[in-house]
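The values are calculated or read from the model by the stated rules, or taken from the named source; none is laboratory data. Just so we're clear, the structure is a prediction, and the values are computed from it rather than from any experiment. Heads up, the Cβs are rebuilt from the backbone with ideal geometry, glycines too, and the neighbour counts pull from every protein chain shown.
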Amino acid sequence: MKPRVEFSFGHVTWDTYVIESFLKEKREKETEELRKYLLEVYPNLKKIKIRKDIKKFILDEYKKNFNNIYEKILHFQEEWDKINDKVLKAISDVIETKWDRDVVDAYVSINPICPRDWKDYEFSISFRKNDKRFMETCVHEIVHFIYFKKVKEIFPNINTKTFDYGKRWVLSEILAPIIMNDPRIVKIIGESDLRSYACDEKTTKKFWKLYQERLKKKESFEKFYKKCEKIFI
C-alpha cells in the first residue's frame, strides 16, 4: 500500500498556532533561523502581538493570495501525481518499512515555515515555492513520517515526544536531506540540498559519510540509524 499525497488549502487555525508560537515563544537555536525567515517574508508580523490580530493577518493573506494559492494547489497536485507511487515506494525501500496510511495531507499555505505533524501524516507547504523547492519540501516532510515510524519500530518504548524537540529531532533534520540523496530517490527527483538549518556543514558531512558507508556495505537502515544515535544522542 502506498498513500496518495493530496493538496488542499492551508488551515488558518494551524497557521495561527504555528506562527504565534514562533513569534512569542523562546526558540531553540536550531529554529531561530526559521523565525528570522518568517519575519523576512512578513516583516509586519513584528508589530503584531495578539492571537486575534495574527489570525486576521493570516486571513488577509489568504484573501489577497487566494487565486495564486488555488492555482498552486492544482499545479502541485498535477506535478506530484506524476511521481507519487514511485517516490513513496523509493522512500519505503530506503527506510525499510511499509506505509500504514492511505493519504498524506499537504496544505498549500501562506506560512513560509512549512510545519508538519508526523502523527497525522500532514504537512504545510508555502504557495511561494518554485517547482524544485516544492518537490524537495514535499519529499523532505514525507521522509519524516515514515522515518519516525521506523524509529518506533527500532525502539518500541521510545518517548515519541523527543521527535519534536532536542537532539533526536535535530538528528531527524540532519538525516532527512541525506536520505533524500539516496540514489533510489535521486533517480526520481534529482539531487537535493544536503544542508540542514538544524546543524552546521561539518556535522552534515559526518553523517553523509556514514550514509555512504551504509550504501557501500549494504547495511540495514536499522544498523545505520543505531550508529547515528550512538554518535549524536
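Looking only at region 111-147, filter to residues that are among the acidic types (Asp, Glu) and assigned to a helix (DSSP H, G or I); which one of those is nearest to Ala176 (Cα to Cα)? Give the steps one after another, and end with the answer.
Here is the first cut: in region 111-147, the residues among the acidic types (Asp, Glu) are 117, 120, 122, 131, 136, 141.
If we keep only those that are assigned to a helix (DSSP H, G or I) too, we end up with 131, 136, 141.
Values: Asp131: 19, Glu136: 11, Glu141: 8 Å.
The residue in question is Glu141.
Sub-8 Å Cβ pairs linking a first residue in region 164-190 that is in contact (Cβ under 8 Å) with a residue 24 or more places away in the chain and more than 20 Å from Leu34 (Cβ to Cβ) to a second residue that is of a type in the set (Asp, Glu) and buried (at least 16 other Cβ atoms within 10 Å of the Cβ), at least 6 apart or interchain, are Ile189/Glu136, ordered by first then second residue.
Taken together, the residues in region 148-178 that are in a helix (DSSP H, G or I), modelled with pLDDT of 95 or more and aromatic (Phe, Trp, Tyr) amount to 1. Evaluation of Tyr147 against the conditions (1) surrounded by fewer than 19 Cβ atoms within 10 Å (Cβ to Cβ); (2) farther than 25 Å from Leu38 by Cα shows that the sole unmet condition is (1).
The residue that is nearest to Leu34 (Cα to Cα), among those in region 191-214 that are more than 19 Å from the chain's Cα centre (by Cα) and surrounded by 17 or more Cβ atoms within 10 Å (Cβ to Cβ), is Tyr211. Only residues that are in a helix (DSSP H, G or I) and touching a residue at least 24 places away in the same chain (Cβ under 8 Å): list them for region 208-230, please. Residues satisfying the conditions are Trp208, Tyr211, Leu215, Phe221, Glu222, Tyr225, Lys226, Cys228, Glu229. Checking every residue in region 128-142 against the condition of being more than 20 Å from Ile189 (Cα to Cα) and either surrounded by 14 or more Cβ atoms within 10 Å (Cβ to Cβ) or touching a residue at least 60 places away in the same chain (Cβ under 8 Å) (or both) gives zero matches. Among helices (runs of 4 or more DSSP H) entirely within region 1-101, having at least 2 residues that are in contact (Cβ under 8 Å) with a residue 60 or more places away in the chain singles out 12-24, 29-41, 66-81, 84-95. Just one of the listed residues (Leu74, Leu59) is among the hydrophobic types (A, V, I, L, M, F, W, C), farther than 30 Å from Glu219 by Cβ, surrounded by fewer than 15 Cβ atoms within 10 Å (Cβ to Cβ) and in contact with a helix residue (DSSP H, G or I) (Cβ under 8 Å, 6 or more places away or on another chain), and it is Leu59. Within region 31-45, one or more residues are at pLDDT below 95, surrounded by 15 or more Cβ atoms within 10 Å (Cβ to Cβ), closer than 27 Å to Tyr147 by Cα and touching a helix residue (DSSP H, G or I) at 6+ places or on another chain (Cβ under 6 Å). Looking only at residues of region 62-114 that are touching a Ser or Thr at 6+ places or on another chain (Cβ under 6 Å) and of a type in the set (S, T, N, Q), we find that the one that is farthest from Lys36 (Cα to Cα) is Ser109.
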